[in-house]
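The values are calculated or read from the model by the stated rules, or taken from the named source; none is laboratory data. Bear in mind that the values here come from a model prediction, so they are computed numbers and not experimental data. A quick note on method: Cβ atoms are made from the backbone with ideal geometry, for glycine too, and the neighbour counts reach across all protein chains shown. The accessibility values were calculated without ligands, DNA or RNA, using every heavy atom of the protein model including side chains. Shrake-Rupley method; radii C 1.70, N 1.55, O 1.52, S 1.80 Å.
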Amino acid sequence: MLCQALRRFGQKLVRRPMLKEPVAENDPRRSLSTLNLVALGVGSTVGVGVYVLVGEVAASQAGPSIVICFLAAGLSSMLAVLCYAEISARVPHSGSAYLYSHVTIGELWAFITGWNFILSYVAGTAIVIQAGTLAFDILLGNQNSHTLHESITQQVPRVLVEHPNFFVVSFVYFLIELQTLRFSQSFMVTKVITLVKLLVLGFVIISGFIKGDLHNWKLTEKDFLKAGLNDTSTLGHMGSGGFAPFGFKGILRGAAACFYAFIGFDSIVTRVEEARNPQHSIPMSIVISLFICFFLYFGVSVALTLMVPYYQFQRGSTLPEAFLHIGWAPAYYVVAFGFLCSLLANVLGFMVPIHQVIYRMAQDDFLFPALARVQTGTCTPLMANVIFGIIAPIMAFFFGLTDLLDLSSIGILLTHSLVAIYVLICRYQPERRNWGNESEMQEENGPAAERLTLQGLLFPCSPNPTPLSGWVVHVCSSLLALLLTLLCLVLAQWPVLLSGDPVWISVVVVLLVLIIGITVVIWRQPQSSSPLPCKVPALPLLPLLSIFVDVYLMMQMTGGTWAQFSVWMLIGFAVYLAYGIQYSLFT
Ligand SMILES: NC(=[NH2+])NCCC[C@H](N)C(=O)O
């Protein structure tokens, strides 16, 4: 009895759902062009991140080398984008990484993906609340916290300045409620806000060309002294000057933080069923929007670090403050307006994806069914209220901005690595339609009568994927994920490695040999030849590189972030086991 229950539970963990047929190509609901999708992608990706990362990364982690941080974070997102593009062409349904994991490897990983997704959005909302506080601080002329604010007038009600958090929470809450009017789903609104954001960031880039000074990339201790910054006890650590004042470690740490700015392009895949010609337009728009964001961030970080010496920024500094430094007070308000629009866009952009994931998770018995009520069109979507109205403000009050940025990123980095694994697994599986009915699917797979031999591992007889070759890739991919994580853990101790410690070096060599060996086995397996408009090139290397970069960035997060992340995952498993397990065993 117990064995049977455990077996059923185990089966449920790897059970994959069948999807309904995708919406027909000529269905009138398909109204979004590639341009609309690009606007959606850029609109959801460019948010408050770029405005607040200045204070967090340039000031104390990377200095001018924040430029490299954005490059590295962009590279990791680019690898993930290619994987998303392939998988969205393979599963042309509105959804997210949650849906992809569910149809590719089953419920357990789907749950982990979905739960991470929720974490990222809760932390994202808390960031919006904190950033909103800073934005209102700027617009209302608060001078308490920042030395650069001196030229702003103070004629504002004190109560708003002293308690901006409560004011901002109410404002964010108001925006959420506004969405029940469905106005946020109008593409006109998205496009206008996106355009304003692009114009403002474009303005920042042009200003950098006009007012930038290359000397700000080569600051020395003499400059600190000249600026009167010789009292390090009050100013904190300023690094050693130059382009990378906090060294390689600072760049890596900064890259992990900057990753937050690239989160969001995946919201395009939540609208697959509304897209015209989705198999082309979705991959295309994902790639284009990431390129646009990449150039924007790169341009803004170059402009900013050239305009202002990095030591002028402090924790809590935001992009508009750079303009006070160069003495362009009106521009300060223009950029602050862009900051506000980004806040608005973040809140509006969070809703559709988070509703979809919670709704699907509740329908799949991972979460309580009451939570599925979010999409019934009532005025009080229960889970959204809990998440956005209670948990996020609590986090905003008790967590630091860096912690929140890291928490939001860690979940998405994990999701990106999972998507890379799904691509790897799917490409080597025998053809399986993800929609239709279960019995059809079993017939398609046929009986698995092959035997595994060593020779068969390196020289498979069939030119097409078989159930056995698919299984081999499945197992090898899981092993690789584990080995890559171990490798990243070891490489994160690079100062020890550089000191030439033979034990650590041997561990790296052994891990590398194993990784290469298993990669060769995957590479020798037959790939599915089904025509897709977008395929990840250089398989299996590219998804593996993506996993490596993502996990390595995750390793840069602090112990505190990992502890908070573990607590979140434990709560998730408790919810799933307390509720989902009953359905696993008795339905
Ligand atoms: N799932 C999320 N946490 N999304 C947040 C998107 C953040 C956006 N990239 C920004 O820079 O503000």
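Scan region 520-527 and give yes if some residue there is touching a Cys at 6+ places or on another chain (Cβ under 8 Å), not in a loop (DSSP other than H, G, I, E, B) and not polar (S, T, N, Q), otherwise no.
There is at least one residue in region 520-527 that is touching a Cys at 6+ places or on another chain (Cβ under 8 Å), not in a loop (DSSP other than H, G, I, E, B) and not polar (S, T, N, Q).
Is there any pair linking a residue in region 293-311 that is in contact (Cβ under 8 Å) with a residue 12 or more places away in the chain and more than 14 Å from residue 62 (Cα to Cα) to one that is within 15 Å of the ligand (Cβ to nearest atom) and of a type in the set (S, T, N, Q), with Cβ under 7 Å and at least six apart or on different chains, and which?
293/45
Cβ-Cβ under 6 Å, sequence separation 6+ or interchain: first residue in region 181-202 and over 18 Å from residue 264 (Cβ atoms) and modelled with pLDDT under 75, partner charged (D, E, K, R) and surrounded by fewer than 16 Cβ atoms within 10 Å (Cβ to Cβ). Which pairs?
The qualifying pairs do not exist here.
Check 487, 479, 553 and return the single one that is open to solvent by 40 Å² or more (accessible area, probe 1.4 Å), modelled with pLDDT of 85 or more and within 31 Å of the chain's Cα centre (by Cα).
Selected residue: 479, the only one of 487, 479, 553 that is open to solvent by 40 Å² or more (accessible area, probe 1.4 Å), modelled with pLDDT of 85 or more and within 31 Å of the chain's Cα centre (by Cα).
Identify the single condition in (1) touching a helix residue (DSSP H, G or I) at 6+ places or on another chain (Cβ under 7 Å); (2) modelled with pLDDT under 85; (3) within 16 Å of the ligand (Cβ to nearest atom) that residue 55 does not satisfy, given that it satisfies every other one.
Looking at each condition in turn, residue 55 falls short on (1).
Are there any pairs, at least 6 apart or on different chains, whose C-beta atoms fall under 9 Å, with the first in region 38-66 and among the charged types (D, E, K, R) and the second assigned to a helix (DSSP H, G or I), and if so, which?
Taking only residues 6 or more apart or on different chains, the pairs are 56/254; 56/257; 56/401; 56/402; 56/405.
Looking only at residues in region 327-354 that are over 25 Å from residue 120 (Cα atoms) and of a type in the set (Phe, Trp, Tyr), which one is farthest from the chain's Cα centre (by Cα)?
328
Taking the condition touching a Pro at 6+ places or on another chain (Cβ under 8 Å) and within 30 Å of residue 364 (Cα to Cα), does residue 528 pass?
yes
How about region 306-321: which of its residues are hydrophobic (A, V, I, L, M, F, W, C), away from the ligand (no atom under 15 Å from the Cβ) and surrounded by 24 or more Cβ atoms within 10 Å (Cβ to Cβ)? It would help to see each step written out before you state the result.
Our first condition is that a residue be hydrophobic (A, V, I, L, M, F, W, C); within region 306-321, this holds for 306-308, 313, 319.
With away from the ligand (no atom under 15 Å from the Cβ) added as a condition, the list becomes 306-308, 313.
Passing the criteria: 308, 313.
Only residues in region 251-273 that are under 19 Å from residue 301 (Cα atoms) and in contact (Cβ under 8 Å) with a residue 40 or more places away in the chain count as the first member; pair them with residues that are more than 8 Å from the ligand (Cβ to nearest atom) and of a type in the set (Asp, Glu), Cβ under 9 angstrom, at least 6 apart or cross-chain, and list the lot.
That search, which allows pairs on different chains as well, returns 254/56; 256/406; 257/56; 257/406; 259/550; 260/406.
Take the residues in region 288-305 that are of a type in the set (A, V, I, L, M, F, W, C) and within 15 Å of the chain's Cα centre (by Cα); name whichever of them is most open to solvent (accessible area, probe 1.4 Å). Steps first, answer last, please.
Kept after step one, since they are of a type in the set (A, V, I, L, M, F, W, C), are these residues of region 288-305: 288, 290-296, 298, 300, 302-304.
Next, only the ones that are within 15 Å of the chain's Cα centre (by Cα) stay: 290, 293-294.
Details: 290: 2, 293: 0, 294: 38 Å².
Going through the qualifying residues, I end up with 294.
Could you check residue 528 against (1) closer than 15 Å to residue 490 by Cα; (2) over 26 Å from the mean Cα position of the chain (by Cα) and say which number it fails?
(1) is the only condition that residue 528 fails.
Here are some residues: 125, 113, 133. Which one is over 29 Å from residue 430 (Cα atoms), part of a helix (DSSP H, G or I), open to solvent by less than 10 Å² (accessible area, probe 1.4 Å) and β-branched (Val, Ile, Thr)?
None of the other options fit; the residue is 125.
Are any residues in region 247-263 open to solvent by 10 Å² or more (accessible area, probe 1.4 Å) and within 9 Å of the ligand (Cβ to nearest atom), and if so, which ones?
Passing the criteria: 260, 263.
Need the failing condition index for residue 324 against (1) within 25 Å of the chain's Cα centre (by Cα); (2) modelled with pLDDT under 85; (3) away from the ligand (no atom under 16 Å from the Cβ); (4) not in a loop (DSSP other than H, G, I, E, B), just the number.
Among (1) within 25 Å of the chain's Cα centre (by Cα); (2) modelled with pLDDT under 85; (3) away from the ligand (no atom under 16 Å from the Cβ); (4) not in a loop (DSSP other than H, G, I, E, B), residue 324 violates only (1).
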